[in-house]
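Contents: one structure, followed by commentary.
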Amino acid sequence: MNGKLMHASEAQIQAAIVELLELRRVVFSVTDAARVWSSNGRVGRSKVRKGWPDITCVFGGVALFLEVKSPKGVLSQAQRETHAAIRGAGGVVYVVRDAADVCQILDDIKFANGAPVRVFHMQEKPAC
C-alpha cells in the first residue's frame, strides 16, 4: 500500500472501490446507515441492521459483502457478530482496506462449466 493510501479515510477508500465496481460492471449497492428524517422532521434511526457491511455486490453468481476499513480501522462488536451471521448463512464477507483488495477478490472468482467456483487467495478474517 503506498503512503498516500495509508492516510485515506474509509469514505475515500469506499469511493475508490465504488469506482472499481462500476468499471468492472459489478452489480452492487452501498449501504447507507446514515440517520433518517421522518415526515415530521424528527431524526430517526436507519433501517439498516447494525453492523451490516458497507457494500453488497453480486459478481459471477457470488454474493459478496464488503466491509471497508481504513488501514488501521477495526471491526465493531456489531460488525463481528453480523459478519459471523452472514458467514453462518453461507455468505462471503471480506474486510477490505483498498480497491486492490476488491480487485483481487473479483479476479479470484472463476467459472467452471458455467458455474462459479470461488478460489480465494486472501484469507477471510472475521476480525482485525
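From the list 43, 58, 48, 62, which one is in contact with a Ser or Thr (Cβ under 7 Å, 6 or more places away or on another chain), surrounded by fewer than 17 Cβ atoms within 10 Å (Cβ to Cβ) and at pLDDT below 95?
On the way: 43 fails: in contact with a Ser or Thr (Cβ under 7 Å, 6 or more places away or on another chain); 58 fails: in contact with a Ser or Thr (Cβ under 7 Å, 6 or more places away or on another chain); 62 fails: in contact with a Ser or Thr (Cβ under 7 Å, 6 or more places away or on another chain).
After ruling out the rest, the residue left standing is 48.
Which residues, counting only those in region 81-128, are surrounded by 13 or more Cβ atoms within 10 Å (Cβ to Cβ), part of a loop (DSSP other than H, G, I, E, B) and modelled with pLDDT of 55 or more?
Of everything in region 81-128, those that are surrounded by 13 or more Cβ atoms within 10 Å (Cβ to Cβ), part of a loop (DSSP other than H, G, I, E, B) and modelled with pLDDT of 55 or more turn out to be 91, 97, 98, 108.
Applying the selection to region 67-97, what residues are on the phi > 0 side of the Ramachandran plot and either hydroxyl-bearing (Ser, Thr, Tyr) or within 11 Å of the chain's Cα centre (by Cα) (or both)? Walk me through how you get there before you give the answer.
Applying the first criterion (on the phi > 0 side of the Ramachandran plot) to region 67-97 yields 90.
Those that are on the phi > 0 side of the Ramachandran plot and either hydroxyl-bearing (Ser, Thr, Tyr) or within 11 Å of the chain's Cα centre (by Cα) (or both): none in region 67-97.
The values are calculated or read from the model by the stated rules, or taken from the named source; none is laboratory data. Remember, predicted model here, so these are calculated numbers, not experimental data. Don't worry about glycine lacking a Cβ; one is built from the backbone with ideal geometry, like all the others, and counts go over all protein chains shown.
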